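Each reported figure results from applying straightforward, stated rules to the coordinates on display, with no laboratory input. The structure presented is a predicted model; accordingly, all values stated were derived computationally and were not measured. Here the Cβ positions follow ideal geometry from the backbone for every residue, glycine too, while neighbour counts run over all protein chains shown.
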Amino acid sequence: MKQQESALSVNNISKNFATVRAVDDLSFELHYGEIFGLLGPNGAGKTTAIRMVLDIIKPDSGKISILGGPMDEAKKERIGYLPEERGLYDDMKLLDTLVFLGQLKGLTRQKALARAEEYLREMDLWEAHDRKISALSRGMNQKAQFIAASLHDPELIIVDEPFSGLDPVNTRIIKRLIYRMRDRGAAIIMSTHQMNQVEEMCSRILLIDKGRQVLYGDLTKIRQDFAPNAVEVEAVGELSQIPGVERITRQDGRHRLLLQEGVPPDKVLKDLVNLAGISVQHFERVQSSMEEIFVRLVGHEVHEETETE
């Protein structure tokens with residue numbers, strides 16, 4: 001796997017269901033060695049886009065190149081998928097299920113067994129290896145699903161709400177495994193409603209709404225582009241009547257300064273440093289959170305219901 005190459009290239013794909021246009025002229029690229037955030041409100045078209053990428057359904061128009069060309073049966077063994085709708089075999093035992101699914105992805109039984117045991121021990125599930133899937137708790141089932149999606153070391157993996165139902169300890173375990181896959185060069189699409197996880201883990205994002213691209217690109221640059229003209233200041237002394245500052249509010253022990261249009265933050269910092277009786281201890285540009293950007297562009301907050309498209 002070469003991190004400079006594209007693992008996935010989606011070009012102008014569209015999909016209609018009767019009179020509903022679920023995906024409308026959508027394009028994006030996924031690179032090896034990155035975690036890419038696929039975001040959007042419920043019904044935005046994320047699930048439909050994922051199903052087209054995986055060749056579960058065909059686009060009405062447009063082109064998808066995956067792992068160097070069109071999808072084929074051999075490539076399916078190089079791809080992992082954690083769907084939001086979980087679906088392991090309830091009557092099978094956990095270890096048997098993972099070995100069976102690993103073999104379906106091209107592993108020998110011996111290799112699937114060794115990897116399954118390694119993952120189960122790492123994820124604190126080994127004691128449940130002989131239990132039926134139906135006897136697992138929600139969190140245990142979620143971890144088992146993740147193992148099933150990643151057991152064969154996929155080159156490209158799509159994880160839909162990977163932290164659903166997990167406590168903070170198990171969330172950290174899954175994060176560690178996702179980072180490990182990224183560091184070995186895998187291409188990862190993460191679809192999630194948890195904007196804090198997007199900000200922490202993703203390098204680039206695609207936000208879609210009503211099937212169309214709303215926002216696409218480098219996450220750091222996007223947050224900078226949407227940042228308000230404001231700074232946060234922690235200082236000793238009374239802050240008031242600062243040139244170029246339109247409004248001052250206080251929150252959590254810090255001052256938020258809303259700057260007048262066209263006033264650069266470095267000028268305000270210079271003025272603060274030169275003010276008598278003021279000692280600046282902390283100064284930083286305010287950045288919008290992904291949640292704030294999402295609401296601004298889409299018009300409402302993120303909800304966690306399952307998509308139906």
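Under 22 Å Cα-Cα from Lys93, which lysines qualify once same-chain neighbours fewer than 8 residues away are excluded?
Lys105, Lys111, Lys132, Lys143
Which ³J(HN,Hα) values in Hz, rounded to whole numbers, follow from the phi angles of the range 250-264 under the Karplus curve 6.51 cos²θ - 1.76 cosθ + 1.60, where θ = phi - 60° and Gly and Pro get x?
Each residue's phi maps through the Karplus curve to give 10, 8, 6, x, 10, 9, 9, 10, 8, 8, 5, 4, x, 8, x Hz.
Sort the chain into rounded, prolate or oblate with this rule: let a ≥ b ≥ c be the square roots of the eigenvalues of the Cα gyration tensor; rounded if a/c is under 1.5, and if a/c is not under 1.5, prolate when a/b is larger than b/c, oblate otherwise. Numbers along the way, then the final one.
Working: a/c = 2.50, a/b = 1.76, b/c = 1.42.
Here the chain falls in the prolate category.
Hey, can you grab everything whose amide H is under 5 Å from the amide H of Gly37? Only 5+ residues off in sequence or another chain; H modelled, so Pro and N-termini drop out.
Met190, Ser203, Arg204, Ile205, Leu206
Tell me, in nm to one decimal, what length is gained between Leu239 and Gln251 on full extension, where the rule is 0.36 nm per residue of separation less the Cα-Cα distance? Walk me through the numbers before you get to the answer.
Numbers: separation 12, 0.36 × 12 = 4.32 nm, distance 1.34 nm.
Full extension of this stretch gives 3.0 nm more.
Taking square-rooted eigenvalues a ≥ b ≥ c of the alpha carbon gyration tensor, is the range 14-79 rounded, prolate or oblate, where a/c under 1.5 means rounded and, failing that, a/b exceeding b/c means prolate?
Numbers: a/c = 2.06, a/b = 1.38, b/c = 1.50.
It is oblate, given that a/c is not under 1.5 and a/b is not larger than b/c.
Need one number: nm distance between label points at Glu127 and Glu292, each 7 Å from Cα along Cα→Cβ, rounded to one decimal.
Inter-label distance under the simple model: 4.5 nm.
Enumerate lysine pairs in the range 172-309 that are 8 or more residues apart or on different chains, then count those whose Cα atoms are under 26 Å apart. All intermediate terms of the calculation are to be shown ahead of the outcome.
Working: Lys175/Lys221; Lys210/Lys221; Lys221/Lys267; Lys221/Lys270.
Step by step, the pairs that qualify in the range 172-309 add up to 4.
Helix-only estimate, please: 222 nm mean residue ellipticity of the chain, summing -39500 (n - 2.57) across DSSP H runs of length 4 or more and dividing by its residues, to the nearest 500.
-9500 deg cm²/dmol
What order, most packed first, do the peptides 139-146, 185-192, 236-243 have when packing is the mean number of other Cβ atoms within 10 Å of each residue?
185-192, 139-146, 236-243
Can you give me the long-range amide H partners of His31? Hydrogens built in the peptide plane at 1.01 Å from N, cutoff under 5 Å, separation of 5 or more residues or another chain.
Ala7
Rounded, prolate or oblate: which one fits the range 228-286, using the alpha carbon gyration tensor with axes a ≥ b ≥ c (rounded when a/c is under 1.5, else prolate when a/b beats b/c, else oblate)? Intermediate results must be reported in sequence, preceding the final value.
Working: a/c = 1.56, a/b = 1.18, b/c = 1.32.
Taking the square roots of the gyration eigenvalues as a ≥ b ≥ c, the range 228-286 is oblate.
Run the simple label-point estimate for Tyr179 and Ser279 please: 7 Å along Cα→C-beta, distance reported in nm.
Taking the two extended label points, one gets 3.6 nm.
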